[in-house]
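Some notes on the structure that comes next.
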Amino acid sequence: MATPNEQTAHLSWFSRDPTRLLHLIVTFSLAYILFTVIRLFRRRRWTMDSFAKFPGPQLHWLYGNVHEYPEDERALNNLYKYSKEYPCACPFWTGPFNAFLLLTHPAYAKTILSSTEPKDDVAYKFIIPWIGDGLLVLSGQKWFRHRRLLTPGFHYEILKPYVKLVADSTNVMLDKLERLMQKGSSVDIYQHVSLMSLDSIMKCAFSYNSNCQVDSENSYIKAVYDLSYLTNLRFRCFPYHSDLIFHLSPHGFRFRKACKVAHDHTAKVIKQRKKMLKNEKELEKIQQKRYLDFLDILLCARDEDGNGLSDKDICAEV
């Protein structure tokens, strides 16, 4: 064990010559960068060897195939074109080091969807800070437990009343489109369909009438739009695949801010509903409702030991 004099000597070694400390930091940083570059190029080589039997469109050396799928109608046109040129599957590179296999044949898709192999840990990891560790990204025993608890929520009798809720949201959208079409100009329906989908989800999951198709200035709606845009941006921009680079970027700050708004909203709704369930009269009203929303089912779900889902798990599922 070092004596106090020896510890003081070690500290004074850095204080007398701070350039040595700087030299040490630079050396470790360069070693880390070199190690990372070697690991990335080894992964690129492994991926290229794995996809060698699958021909695909011409690659750009820096951004792969991202330029082939711009964020407009050309993406669908190119996807259709390549599904004809490569009738089974073709690689899709999101940069110089990451690639995915786009399946264009149902037999290939069936094989993947019926597989018990671990889920993709590249694309899903970008949305975990937003949606949490829900059924979509879980695996192993926790996935089986959550699936058992959530299965009743997808029973036909539970889903049937949702048809009217979705129909109501759809009618609001159609009324908006009808008014817009009277102006005689073309209409981009993407945003309208997105808002209709979000409106339907909010009604079915929370029994929450967000009115987002009429009032899209709601902070939660804005946060969802930001999160969707930023997740897609991160997927398409390969430097943002690095957690450190994305965290330090302005887009990373904006993503964390939007996550907080979305999580606070969900936590508030869950807290209010749990408070209602503690009241026996309110519990009876909920159980007698003409339909149970997804949050009701999650809060009432219990496993064979009588244990339910934690607030964190419920947030991840809704």
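Could you tell me which of the residues D72, D120, D168 is acidic (D, E), within 24 Å of the chain's Cα centre (by Cα) and farther than 30 Å from V37 by Cα?
Values: D120 fails: farther than 30 Å from V37 by Cα; D168 fails: within 24 Å of the chain's Cα centre (by Cα).
Matching residue, one of D72, D120, D168: D72.
Can you name the helices (runs of 4 or more DSSP H) wholly within segment 1-111 that have at least 1 residues being in contact with a Phe, Trp or Tyr (Cβ under 6 Å, 6 or more places away or on another chain) and at pLDDT below 90? Even if it seems obvious, please write down each step before you answer.
Numbers: elements: 4-16, 18-50, 73-85.
The qualifying helices (runs of 4 or more DSSP H) are 18-50, 73-85.
From the residues in segment 207-243 that are assigned to a helix (DSSP H, G or I) and among the aliphatic types (A, V, I, L, M), which one is modelled with the lowest pLDDT?
Going through the qualifying residues, I end up with I221.
Got a sec? Which of L177, L136 is part of a helix (DSSP H, G or I) and surrounded by 11 or more Cβ atoms within 10 Å (Cβ to Cβ)?
Numbers: L136 fails: part of a helix (DSSP H, G or I).
Residue meeting the stated conditions: L177.
Please work out which residue is farthest from G95 (Cα to Cα), limiting yourself to segment 214-267 and to residues that are among the aromatic types (F, W, Y) and more than 14 Å from the chain's Cα centre (by Cα). Spell out how you get there, then give the answer.
Applying the first criterion (among the aromatic types (F, W, Y)) to segment 214-267 yields 220, 225, 229, 235, 238, 240, 246, 253, 255.
From the residues that got through so far, the ones that are more than 14 Å from the chain's Cα centre (by Cα) too are 220, 238, 240, 246, 253.
Details: Y220: 32, F238: 5, Y240: 10, F246: 15, F253: 23 Å.
The qualifying residue farthest from G95 (Cα to Cα) is Y220.
Going by the structure shown, is L195 open to solvent by 50 Å² or more (accessible area, probe 1.4 Å) and at pLDDT 80 or above? So that I can check it myself, show each step before the final result.
On the way: open to solvent by 50 Å² or more (accessible area, probe 1.4 Å): no; at pLDDT 80 or above: yes.
No; evaluated as a whole, the condition is false for this residue.
Taking F144 and the conditions (1) open to solvent by 90 Å² or more (accessible area, probe 1.4 Å); (2) over 21 Å from the mean Cα position of the chain (by Cα); (3) without any contact (Cβ under 8 Å) to a residue 24 or more places away in the chain, which numbered condition does it fall short on, given that it satisfies the others?
(2)
From F246, F255, grab the single residue that is within 30 Å of E68 (Cβ to Cβ) and touching a residue at least 40 places away in the same chain (Cβ under 8 Å).
Details: F246 fails: touching a residue at least 40 places away in the same chain (Cβ under 8 Å).
Among F246, F255, only F255 is within 30 Å of E68 (Cβ to Cβ) and touching a residue at least 40 places away in the same chain (Cβ under 8 Å).
Given the options F235, F206, F246, name the one that is open to solvent by less than 80 Å² (accessible area, probe 1.4 Å) and touching a Gly at 6+ places or on another chain (Cβ under 8 Å). So that I can check it myself, show each step before the final result.
Values: F235 fails: touching a Gly at 6+ places or on another chain (Cβ under 8 Å); F206 fails: touching a Gly at 6+ places or on another chain (Cβ under 8 Å).
So the residue among F235, F206, F246 that is open to solvent by less than 80 Å² (accessible area, probe 1.4 Å) and touching a Gly at 6+ places or on another chain (Cβ under 8 Å) is F246.
Any idea which of V172, V214, V187 is open to solvent by 80 Å² or more (accessible area, probe 1.4 Å) and more than 30 Å from N98 (Cα to Cα)?
Details: V172 fails: open to solvent by 80 Å² or more (accessible area, probe 1.4 Å); V187 fails: open to solvent by 80 Å² or more (accessible area, probe 1.4 Å).
Exactly one of V172, V214, V187 is open to solvent by 80 Å² or more (accessible area, probe 1.4 Å) and more than 30 Å from N98 (Cα to Cα), namely V214.
Would you pick out the residues in segment 171-215 that are of a type in the set (S, T, Y) and under 20 Å from K268 (Cα atoms)? Lay out the reasoning, then the answer.
Start the filter on segment 171-215 by keeping residues that are of a type in the set (S, T, Y), which leaves 185-186, 190, 194, 197, 200, 207-208, 210.
Of everything in segment 171-215, those that are of a type in the set (S, T, Y) and under 20 Å from K268 (Cα atoms) turn out to be S200, S207, Y208, S210.
Taking only segment 60-73 into account, find how many residues are surrounded by fewer than 16 Cβ atoms within 10 Å (Cβ to Cβ) and either in contact with a Lys or Arg (Cβ under 6 Å, 6 or more places away or on another chain) or farther than 20 Å from S228 by Cα (or both). Give the derivation first.
At the first step, the residues of segment 60-73 found to be surrounded by fewer than 16 Cβ atoms within 10 Å (Cβ to Cβ) are 60-62, 67, 70-73.
So of that shortlist, the ones also either in contact with a Lys or Arg (Cβ under 6 Å, 6 or more places away or on another chain) or farther than 20 Å from S228 by Cα (or both) come out as 60-62.
Result for segment 60-73: 3.
Scan A109, A89 and give me the residue that is closer than 24 Å to F238 by Cβ and open to solvent by less than 50 Å² (accessible area, probe 1.4 Å).
Values: A109 fails: closer than 24 Å to F238 by Cβ.
Result: A89 is the single residue among A109, A89 that is closer than 24 Å to F238 by Cβ and open to solvent by less than 50 Å² (accessible area, probe 1.4 Å).
The values are calculated or read from the model by the stated rules, or taken from the named source; none is laboratory data. All values reported here derive from a predicted model rather than from experimental measurement. Cβ atoms come from the backbone with ideal geometry, glycine included; neighbour counts cover every protein chain shown. What goes into the accessible areas is simple: the full protein's heavy atoms, side chains included, and nothing from ligands, DNA or RNA. Shrake-Rupley method; radii C 1.70, N 1.55, O 1.52, S 1.80 Å.
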